[in-house]
Amino acid sequence: DFFKFGAAFLWSGYPEQALPYLEQVLRQTPTNARVLVLVGQIHLQAGRADAAERFYREAITANESYAEAWSGLGDVFERRDDQAQAMSNYEKALALKPDMLYTLLNAGQAADKLNQQGKAQEWYGRALQLDPQSAEAANGLGLALAKQGRTEEARKYFEQAISARRDYSAAINNLGVLYLQQGKVNDAIAAFEYGMRMAPDADILYLNLGRTYTRLGKIDQARQVMQQLLDRKPDNATARHALQELNSR
């Protein structure tokens, strides 16, 4: 049973070893949409977007109602940074199967990149309804609301995302930036400092805290934050350049 061998390798984290077995399944049943999608996923994860697209399209030809194939094709276009085509395919997938959390999150991300914040809000909102513990959905919804100027609603969703995943640096940073936009500088500093403790490898938190201290004229504190980042990541060119500028003041 070639599928069982392929699936065993794939689910154990060995996609390339799974590939020959899944390809053998396709030699026996070339219109097996499920296996075509799995092969497409392996190629996409390995960075072979053209091969992935071919298998996803073959899956759609075999079964136009297979939502996972449309979603996978959307992922191919997302990888190529063609967000409009990605969104079009995600919408087809979700029309067929509205409860695909992964696809809802990807559709929200594509809408955000297209600056279609109303659509981003809709997709992320649906994802959060499906999984109220999804930190990605709560953060995405907060970002869509913030970009529409609905800052208080956005804050609640950023906080929800952080409650769901306490080291989620993207949501922590978004909350800090939101506080800055609201003029709540001390709250922003507290958010960035919390993020540095919980997600110490997230460069953006150090950089935004350093910028905040610089704008306040607190140069010594800004230097200290940049040095903290360089101690952790000596090759960070942005932090090194910022520290050089601060030292020249």
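The values are calculated or read from the model by the stated rules, or taken from the named source; none is laboratory data. The shown structure was predicted, so the numbers you read here are calculated from the model rather than taken from an experiment. Heads up, the Cβs are rebuilt from the backbone with ideal geometry, glycines too, and the neighbour counts pull from every protein chain shown. The accessibility values were calculated without ligands, DNA or RNA, using every heavy atom of the protein model including side chains. Shrake-Rupley method; radii C 1.70, N 1.55, O 1.52, S 1.80 Å.
Overview of values
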| item | result |
| --- | --- |
| For segment 130-236: lysine pairs under 21 Å (alpha-carbon distance), excluding those fewer than 8 apart on one chain | 4 |
| Euclidean distance between Cα centres, segment 16-78 to segment 166-214, Å | 40 |
| Simple label model, 7 Å out from Cα along Cβ direction - residue 244 to residue 96, nm | 5.3 |
| Whole-percent carbon and sulfur share, accessible surface of segment 1-94, 1.4 Å | 50 |
| Helix axis angle, 169-181 relative to the chain longest principal axis, alpha carbon, degrees | 40 |
| Residue order for 248, 71 - accessible surface, 1.4 angstrom probe, largest first | 248, 71 |
| Value of [θ]222 nm, deg cm²/dmol, for the chain, DSSP H segments ≥ 4, -39500 (n - 2.57) each, nearest 500 | -25000 deg cm²/dmol |
| Estimated Rh, the chain: Kirkwood, alpha-carbon pairs, angstrom | 20.4 |
| In segment 56-121, trypsin sites (Lys or Arg not before Pro) in a DSSP loop with at most 14 other beta-carbon atoms within 10 Å | 80 |
| Residue (of 185, 121, 142) at the positive-pole extreme of the chain, dipole from beta-carbon charges | 185 |
| Value of relative contact order over the chain, rounded to a whole percent, pairs C-alpha under 8 Å and six or more apart | 7 |
